[in-house]
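**Q** Starting off with a structure, shown below.
The values are calculated or read from the model by the stated rules, or taken from the named source; none is laboratory data. Since we're looking at a predicted model, the values are computed, not measured. Neighbour counts run over all protein chains shown; Cβ positions are idealised from the backbone, glycine included. When the accessible area is computed, the model is the full protein with side chains, heavy atoms only, and any ligands, DNA or RNA have been set aside. Shrake-Rupley method; radii C 1.70, N 1.55, O 1.52, S 1.80 Å.
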Amino acid sequence: MTAVETKTVKNSTAKSLDPCTLIIFGANGDLTKRLLMPALYNLKAAGLLPNNFAIIGTGQKKMSDEVFRSLMTENLKQFATITFNTEIWQWFLERLYFVDSASKDINASNKLKECLITVDKKHKTGGNTLFYMAVPPAAVPSIVDELDKLDLIKQKNSSWHRLAIEKPFGHDRNSAKLLNKTLLQVADESQIFRMDHYLGKESVQNIMVFRFANGIFEPTWNNKYIDNIQITVAETLGVEERGAYYENNGALRDMIQNHLFQMLALTTMDAPARYDADSVRACKEKIFQSIRPYNEESIRSNVIRGQYTAGQIDHKSVAAYRDEPSVKKDSLTETYVALKVLIDNDRWSGVPIYLRTGKRLSKHVTNIAIEFKTDRLTDFGKPAITKLETNTLLLKIQPNEGICLQFAAKVPGEVLDMQMLAMDCEYADYFGKHTTNGYETLLYDCLLGDPMLFASADNVETNWGTVDPILKYWQNGTSDTLHLYKSGSSGPGAANALLERDGKKWRELGE
Ligand code: BG6
């Protein structure tokens, strides 16, 4: 598409951040090396980190500051999304520390506090501290308890103390409620940041702008014009080294309850009264509460789970899920879920929303397809139009970000033939390719204290409430409900039946 002369409307210039110490629990883990450190590096490269800043990593392994620094250097060289620059990295090296949390004696937990006091004094971080929990949900309560005992959570004087908690937030509704209760006993809601990195993705943030900063789409954004919505998150990756984590979670907990539900809410919610955390989170909560609850019958007909077997991805043989490290040979953990969601409100009543996510699929693609109704269309004297595809608006989340609108046009010639065309707009063509991973925005917002792009306590509890009956059903049921699919395919065939029954079909992956 040709670029039009555009005018940029700037709402804000970047706000400068307070001095601060960031403490990462789980600093030896995958998330820290793959996403958190590269994101911090990008923030520094963009000039957004304050000079009075320091990072204390903590984890189970024993290591000195020097070893931690060289490990982080190796990792960053491997996972940086922009060119490695020695000067920028030197800035980090002067601000990186490590405290091991392996030993359980009282001196060990005091070590963290002592380190924080020293680092705070040395780097003049003003007592401001962000505790980032890059650890499994079950480990969070004891860390929070320990921090509270060390008197590190209560905010004193003018300094702030914040807690960022990685997803999944809890394991089910009860554990999420308990976790919220534990956190809220020692901290105020304004200190808590429940992470969902999809909310930091540019193209996910853009859903609200696309819908509410343009006048032309919102009038059609309802059950009068929209036939169905399909949200797809397809991955080619398997569980990699995360078998132990994944065995306890599966795709429903890992992806649907958070990432896909958040995208669903942004796609279907009403316009918030104000662009702020309270308004946006309240609008999302209204949607979450309007999702029709699942019962045994609707789970049987509307939810499909699958697990990958061996196959080929990009011409390379890959192992079955059950042969991945730390996975049980008879595991029933789902690596794929497809489900039909119904929203019981005036705007969406009667519009099926289909969600699917899976690992080891043929394509790596995330998108939201809005399919419009065809029943009001003129048939031009012949049923040609019915043979065409429906008008589809595709919100492309990744790997290429953009918007694509499919519409019918007359094929030039003497007879009336029609064909679907695509108005395809890739953001990279307009704004250049950006190299962020979603964590930059979220870390920046945590450091700023802006909770808009984070889930509220209600949001996570309501969403667990929706998926809990499904988890229970699977737990009590037999392996019959688990559909095996070949790695490199588009998922289990049973997922097609979910839509065919409604007279619809999934979009091809990568279409
Ligand atoms: C994480 C899940 O939250 O999201 C992973 O735990 C998944 O299993 C990942 O692979 C997908 O994120 P992205 O940004 O690569 O689409």
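**Q** Looking at the structure I just gave you, is Ala265 modelled with pLDDT under 95 and either in a loop (DSSP other than H, G, I, E, B) or more than 12 Å from the ligand (Cβ to nearest atom) (or both)? Give the derivation first.
**A** Details: modelled with pLDDT under 95: no; either in a loop (DSSP other than H, G, I, E, B) or more than 12 Å from the ligand (Cβ to nearest atom) (or both): yes.
No: the conditions fail for Ala265.
**Q** Looking for whichever is at pLDDT 95 or above, within 24 Å of Ile231 (Cα to Cα) and over 24 Å from the mean Cα position of the chain (by Cα) here; the options are Asp323, Asp346. Which one fits?
**A** On the way: Asp323 fails: within 24 Å of Ile231 (Cα to Cα).
Step by step, each of Asp323, Asp346 is checked, and only Asp346 is at pLDDT 95 or above, within 24 Å of Ile231 (Cα to Cα) and over 24 Å from the mean Cα position of the chain (by Cα).
**Q** Any idea which of (1) more than 26 Å from Thr83 (Cβ to Cβ); (2) in contact (Cβ under 8 Å) with a residue 40 or more places away in the chain is the one Gly477 doesn't satisfy?
**A** (2)
Results for (1) of a type in the set (D, E, K, R); (2) away from the ligand (no atom under 16 Å from the Cβ); (3) within 22 Å of Lys167 (Cα to Cα), shown as yes or no for each residue.
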| residue | (1), (2), (3) |
| --- | --- |
| Gln257 | no, no, yes |
| Tyr275 | no, yes, no |
| Tyr294 | no, yes, no |
| Ile299 | no, yes, no |
| Arg322 | yes, yes, no |
| Thr335 | no, no, yes |
| Ile353 | no, yes, no |
| Gly358 | no, no, yes |
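**Q** Right, Lys224: open to solvent by 20 Å² or more (accessible area, probe 1.4 Å), over 30 Å from Ser109 (Cβ atoms) and of a type outside the set (Asp, Glu) or not?
**A** yes
**Q** Touching a residue at least 24 places away in the same chain (Cβ under 8 Å), of a type in the set (S, T, N, Q) and open to solvent by less than 50 Å² (accessible area, probe 1.4 Å): is that true of Ser456 in this structure? Working first, answer last.
**A** Values: touching a residue at least 24 places away in the same chain (Cβ under 8 Å): yes; of a type in the set (S, T, N, Q): yes; open to solvent by less than 50 Å² (accessible area, probe 1.4 Å): yes.
Spelling it out, Ser456 is indeed touching a residue at least 24 places away in the same chain (Cβ under 8 Å), of a type in the set (S, T, N, Q) and open to solvent by less than 50 Å² (accessible area, probe 1.4 Å).
**Q** For Arg194, work out the one condition from (1) over 30 Å from Lys156 (Cα atoms); (2) of a type in the set (D, E, K, R); (3) surrounded by 15 or more Cβ atoms within 10 Å (Cβ to Cβ) it doesn't fulfil.
**A** (1)
**Q** Limited to region 474-485, what total is found for residues that are crowded, with 17+ Cβ neighbours inside 10 Å and either out of contact with any Pro (no Cβ under 6 Å at 6 or more places or on another chain) or of a type in the set (Gly, Ala, Ser) (or both)?
**A** The qualifying residues number 3.
**Q** Here's a follow-up. Hey, can you tell me all the residues within region 181-238 that are assigned to a loop (DSSP other than H, G, I, E, B), within 15 Å of the ligand (Cβ to nearest atom) and in contact with a Phe, Trp or Tyr (Cβ under 8 Å, 6 or more places away or on another chain)?
**A** Those that are assigned to a loop (DSSP other than H, G, I, E, B), within 15 Å of the ligand (Cβ to nearest atom) and in contact with a Phe, Trp or Tyr (Cβ under 8 Å, 6 or more places away or on another chain): Met195, Asp196, Gly238.
**Q** Report, by residue number, each residue of region 167-190 that is of a type in the set (Asp, Glu) and either open to solvent by less than 20 Å² (accessible area, probe 1.4 Å) or without any contact (Cβ under 8 Å) to a residue 60 or more places away in the chain (or both).
**A** Once the filter is applied, which keeps residues that are of a type in the set (Asp, Glu) and either open to solvent by less than 20 Å² (accessible area, probe 1.4 Å) or without any contact (Cβ under 8 Å) to a residue 60 or more places away in the chain (or both), region 167-190 yields only Asp188.
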